[in-house]
Amino acid sequence: MAELRTPKLGGVVTYIPNDSNLIFLAGSKIKSFRPFVPFDSILIEFLIDISSELIKRPESRTYPDIMAFAFWCRKANINKLKKRFEDGLFRLGLGLVFHITPSNVPVNFAFSFVFGLLSGNSNIVRAPTKSFPQVDVICEVIKSILLLEKYDQINSMNAIVKYSQKDKITEYFSANSNARLIWGGDETIRNIRNLSTPERCVDIAFSDRYSFCVIETEALLELDERELQLLAEHFYNDTYLMDQNACSSPHLVVWLGKLGERGKKRFWPAVYQVVRKKYGLPFVNAVDKFTSLCQNAIDLDQIKSISTHGNLLCRILMDTLPDNMDTLRGKFGCFYEFDATDINQVSHIVNKRYQTLTYFGVKKSYLTDFVVQNRLFGIDNITPIGSALDIGIFWDGYDIVRCLSRTINVK
Amino acid sequence: MAIKSMFDLTNTLEIPPFSLNKNAKLELYSEAVQTLTRFHFENCQPYQKILNKIGFVLDKSHRLEEYPFLPVRLFKENELVSVDRSKIVKTMTSSGTTGQSVSRIFLDRATASNQTKALAKIASSFIGTKRLPLLIIDNKSVVKNRNSYSARAAGILGFSMFGRDVTYALDEEMRLDFDAVESFCEKHRNEDILLFGFTYIVWKYLFKPLRESGETLALENATLLHGGGWKKLFEEAVDNREFNKSLKNVCGIQKVHNYYGMVEQTGSIFMECELGFLHCSIFSNIITRRADFTECAFGETGIVELLSLLPQSYPGHIILTEDEGEVIGEDDCPCGRLGKYFKIYGRIKNAEIRGCSDIYT
């Protein structure tokens, strides 16, 4: 019998081209690889090591996003996810996953990488071209852990690289991919989709999405000052932190209950205080924001009133919500508002574009009922105010680990 | 009278353009700005919608800084007119730098005429009321279409009125017409002459060809007025001082005045004084603002808001520009002119984009 050989996927052996534009941040020039079982214990151990090494580094403390990533990779969280994943079926990673990550969110590449890794795959991750200290710190740590002897196998099948947009390199990686994780706007996705991939390649595309928020007024009015302050900070983190450009940052706040006005009078000044302390608004964004506010006033007859807190926080109160609400996006701290007595009053706006619904003061089941019983096309993520940006293996409606692994049917 | 109950600009046109101190100006503006705001509110629906929705109360008295301003980009995306369309005699356009969209400014007879008068008053206080031989650093074809004016054409035509023997220095291909320019200089050898052109065009099509060919022009008696922005020159690392020095070297020009103005407020331009500061005239005012739109102190750089008394046919009397600048002071410029004086630092800078909606770069 012939000896067991490493199968060559698509007959290609060189997964990473020799190109002087490619910069290796961590990992190796992948020569060959074999898929793992998702959540294989060596993968988990590897992530735990990364987590504790990151937490140890003094540099990490200055970057909450690094800490969030380190925290996500810790033992308890991964084991919890593993437990949730196990269903008695046999699975293996799809093979080689190519990650195209956004160039302006520093730690997204790291999450994408661990999602691919935990699913049992070999990974080529394109990290942001722009330089971020967070990327350097995380890559340094990953690199050092990968060099431990016990992780030889993992090291040999993963690469985190950086290159300024060269279609040729992206094309090369695509041609060998068994799956691609494409983070970016609709246009990026269209461009990447034009590149050819193996027939069975799976694309998971994270496109432009729309998100909103519900607040139950009576619950808000019951908060004490400290709790209110905390909620305001959480709301700030969901929105201002990324200039409302993150796909999970809300643009619309739906006020539930009869005391809407009182709720707003309490909530917004608290948010404004946080914004005043923390937010830097460049001139160009200030002008942009005010220009679209005026344009809205001209275009939208549904607007009841506009309130501005010194241009740092702008609110557009709507009489009715148009069906194409998802085209109305606030930027740099601009929020559409709507008063409702029942969340079902806004079911007509929810389409495929809707991703995250953040909430305060309502039961989860109230919101899941809203989505499921109305048989909505959108809303993939229901999460408390303050956690909109917390990414996970369930994202954009995908169960990423299951999407990136194959299930073996055994009868 | 095109505008009923409009405050009367006639009186303002009688007084010297840099003669009102803070209090006198405030008195004039308190009435004028309120009247203009009310007029445009009643006659321009988009403007009314904005004021209504932001809850601006017309019947209350407001401080000047409290009046709503329109961001200039709105003139690109909307047709903002406050008179019947049949009354429009001229449409001015400017491309600006944000993409292909064009600002459209609609002028009725009264507004167009006020622009000309204001411009004449402001300019003549610098160059005298006598018509001077005028050399325009541009080519004639720019001003061909008399109904639709680009900002460039408007500038040329506006300043042409102060000159005689108007001569264009460039041919249709934007080449310096040496023969025409030399015979113009020869003819007016012993007179004061006036040069007018756009800053970048003067630099690229007058200064550069002269520097490259090594030729010089005898323009010692000339005063150059130029405006239109520094964006391209800043890219070449040329500032006002360098500009003036370079021109002096190739054609001996001693007196150079830059001006600053917006197509939305044509006529009420801001002229640079002998000390290099831009000056508000009685027809205009400036407020600089922080990102949260609170007012900047003197000496603090902010977003530039401009007021003009001239726009009657469109709601452009208070605009928010996309420039940043700094008000140096008011009524106390050593040049003696009253009013606020300031510096412009060019376009507001682009900011880093945050968020995951990535661009394909």
*Two-decimal Rg/Rh of region B:118-176 from alpha-carbon positions, Kirkwood Rh?*
0.99
_Overall Cα dimensions of chain B, principal axis frame, Å, largest first_ = 62, 56, 44
*MRE, 222 nm, helices only [DSSP H, n ≥ 4, -39500 (n - 2.57), over the protein assembly as shown, to nearest 500]*: -10000 deg cm²/dmol
*Within straight-line cross-link reach of B:Lys49, lysines at Cα separation under 26 Å, skipping those fewer than 8 residues along the same chain*: A:Lys264, A:Lys265, A:Lys289, A:Lys304, A:Lys331, B:Lys4, B:Lys60, B:Lys76, B:Lys87, B:Lys90
_A:Thr14 paired with B:Glu77, simple spin-label distance in nm, labels 7 Å along Cα-to-beta-carbon_ = 4.9 nm
*Of the listed peptides A:196-208, B:67-79, A:237-249, B:304-316, what is their order by residue-averaged count of other C-beta atoms within 10 Å, with the highest listed first?*
B:304-316, A:237-249, B:67-79, A:196-208
*Shielding by partners for B:48-55, please: the mean number of other protein chain Cβ atoms within 10 Å of each residue's Cβ.*
6
*If you take the Cα atoms of region A:1-136, find Rg, then find the Kirkwood Rh from the mean of 1/r over all pairs, what is Rg/Rh?*
1.00
_Connecting C-alpha atoms closer than 10 Å in a GNM of chain A, tell me which of A:Ile160, A:Ile169, A:Ile66 has the biggest fluctuation._
A:Ile169
*Work out the P(r) tail for the protein assembly as shown: percent of alpha carbon pairs separated by more than 54 Å, whole number.*
27 percent
*Once the Cα atoms of helix A:41-56 and of chain A are each reduced to a long axis, what angle between those two axes, in degrees from 0 to 90 to the nearest 10, is obtained?*
60 degrees
*Among B:Cys333, B:Met92, B:Cys280 the positive-end extreme of the charge dipole of the protein assembly as shown (Cβ point charges)*: B:Met92
*Determine one quarter of the surface area of the Cα convex hull of region B:115-260, which equals its mean projected area, and express it in nm² to one decimal.*
8.4 nm²
*Could you state, as a whole-number percent, how many of the C-alpha pairs of chain A are farther apart than 30 Å?*
46 percent
*Helix A:225-239: angle to the longest alpha-carbon principal axis of chain A, degrees 0 to 90, nearest 10?*
60 degrees
_0 to 90° range, to nearest 10: angle between helix B:240-251 axis and chain B longest Cα axis_ = 30 degrees
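Each value in this text was obtained by applying a stated rule to the coordinates, not by laboratory testing. Because the structure is a prediction, the values reported are computed rather than measured. Every residue, glycine as well, gets a Cβ built from its backbone with ideal geometry; the counts of neighbours run over all protein chains shown.
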